[in-house]
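Got a structure here, written out as C-alpha cells. Questions coming.
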Amino acid sequence: MIVPSYEKARFNMVEQQVRPWEVLDAQVLNLIGSMPRDHFVPDNYKGLAYADIEIPLGDGQKMMFPRVEGRLLQALDIQPGDNILEVGTGSGYLTACLAKMGNRVISQEINPTFTEQARQRLAELQIENAELRTTDSLSDDIESGRFDAIAITGSLPEMPETFKQRLNIGGRLFVVTGQSPVMTAFLVTRTGENEWQSEPLFETDITPLTNAPVIRKFEF
C-alpha cells in the first residue's frame, strides 16, 4: 500500500493560505508547516486536509479554516511555560499545536466521540501534555483556576465574561463573537485584576459552539 505524502500540500497551505493572511510569526509557521493535519481529519477528507475549507467533523461541527487556525495561534502568543485552556477539542489538531507550544493544555469537548478520537490521535503522535475532558463548558463548571491562554474554537454570540475571569493577569483569550454571516475574532488580554483589553483581529464566520446561546432578532 502506498502512503500518500502530504509535505507539498502542507507547504502550499502555509505559503498560499496561512502566510498571506498576515500570519508571520516564525514559530507558528514552522509548527503548522510540520504538524500533520491529515492525521486529524476524518478518513474520507484526508485528501482535503490542507485545502482552504472547513472540514466537516460530524455532529454539525467543522475544523476551522487553516488561515484562522494560524491567526489564533499567532494571537495567543503561546510561551513554553503557559498553561492553556481549549474550549472545543474537535479533531484535536489545535490541541496538538497548543501542546507543542505551551506547557500544558486542558481541552474540553462536549462530544465524547470527538474526545476519544482526539485522545487517540494525540497519543499516536506522542503528545502527552494535553488532558482531554468531556464536558459542556457553557453549562458545566469550567476548569477551576486561571490560565495563561484560552482558545475558544467555536463562535459565541457575545463576549464570554466567564472565560475572561479565568485568565491570569497578562493572560490572553481568543474568541469569535457575533452571528452568521458577520462575526469578529477578538484577542482579550487581562491587564489587571479587574481590567481587560479587547482587540478586534479580523472578520470571519465560524461554526458556533454546541449549546451556544441564541440571540433572538427583534421583529417589528
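Add -39500 (n - 2.57) for each DSSP H run of 4 or more in the chain, then divide by its residues: what number comes out at 222 nm, to the nearest 500 deg cm²/dmol?
-6500 deg cm²/dmol
If you don't mind, there's one more thing I want to ask. Largest first, how would 186, 147 line up by accessible area (1.4 Å probe)?
186, 147
At 7 Å along the Cα-to-beta-carbon direction for both residue 46 and residue 21, put a label point, then send me their distance in nm to one decimal.
Those two pseudo-labels are separated by 2.4 nm.
On a 0 to 90° scale, report how tilted helix 66-76 is relative to the longest principal axis of the chain, with both axes built from alpha carbons and the result rounded to the nearest 10.
Approximately 50 degrees, to the nearest 10.
Sticking with the crude label model, points 7 Å out along Cα→Cβ, report the distance from residue 214 to residue 30 in nm, one decimal please.
4.6
If you take the square roots of the eigenvalues of the alpha-carbon gyration tensor of the chain and sort them as a ≥ b ≥ c, do you get rounded (a/c under 1.5), prolate (a/b over b/c) or oblate? If you can, show how the numbers build up before the last one.
On the way: a/c = 1.41, a/b = 1.32, b/c = 1.07.
Because its axes are fairly even, with a/c under 1.5, the chain counts as rounded.
Another question, if that's okay. Where the centroid of each part is defined by its Cα atoms, how far is region 64-89 from region 162-205 in Å?
13
Helix 112-124 against the longest principal axis of the chain: what's the angle in degrees, Cα atoms only, rounded to the nearest 10?
The angle comes out near 50 degrees.
Solvent-accessible area per residue for the chain at a 1.4 Å probe radius, Å²?
50
Could you work out the relative contact order of region 76-160, using alpha carbon pairs under 8 angstrom and six or more residues apart, expressed as a whole percent?
For region 76-160, the relative contact order is 38 percent.
For the chain, what is the percent of antiparallel DSSP beta bridges, rounded to the nearest 5? Mind dumping the intermediate values first?
Working: 19 of 39 bridges.
That works out to approximately 50 percent antiparallel.
Applying 1/(1 + (r/R0)^6) with R0 = 35 Å to the Cβ-Cβ distance of residue 8 and residue 165, what FRET efficiency is obtained, to the nearest 0.05?
The pair residue 8/residue 165 has a calculated efficiency of 0.20.
Carbon-plus-sulfur fraction of the accessible area of region 1-73, 1.4 Å probe, in percent?
53
Hey, if we sort 25, 77 by accessible area with the 1.4 Å probe, largest down, what's the order?
Result, largest first: 77, 25.
Now, a different point. Between residue 198 and residue 146, how many nm apart are label points set 7 Å from Cα along the C-beta direction?
Label-label distance for residue 198 and residue 146, simple model: 2.0 nm.
When a/c reaches 1.5 or more, the comparison of a/b and b/c decides; with that in mind, is region 157-220 rounded, prolate or oblate per its Cα gyration tensor?
Since a/c reaches 1.5 and a/b is larger than b/c, the shape of region 157-220 is classed as prolate.
Charges at C-beta only: +1 for Lys and Arg, -1 for Asp and Glu. How large is the resulting dipole of the chain about its Cα centre, in Debye rounded to 20? Please report the intermediate quantities before stating the final value.
Details: 20 positive and 31 negative charges, 68 e Å.
It works out to roughly 320 debye.
Answer rounded, prolate or oblate for region 1-98, using the Cα gyration tensor with square roots of eigenvalues a ≥ b ≥ c: rounded when a/c is under 1.5, else prolate when a/b is larger than b/c, else oblate.
Taking the square roots of the gyration eigenvalues as a ≥ b ≥ c, region 1-98 is oblate.
Under the definition of Cα pairs under 8 Å and six or more residues apart, what whole-number percent is the relative contact order of region 19-106?
27
Something else now. Would you tell me the accessible area of residue 139, worked out with a 1.4 angstrom probe on the heavy atoms of the protein chains, in Å² to the nearest 10?
80
The values are calculated or read from the model by the stated rules, or taken from the named source; none is laboratory data. As the structure is a prediction and not an experimental result, all values here were calculated from the model. Positions of Cβ are generated from backbone atoms using ideal geometry, with glycine treated the same way; all protein chains shown enter the neighbour counts. Areas reflect the complete protein model, heavy atoms only, side chains present, ligands, DNA and RNA absent. Shrake-Rupley method; radii C 1.70, N 1.55, O 1.52, S 1.80 Å.
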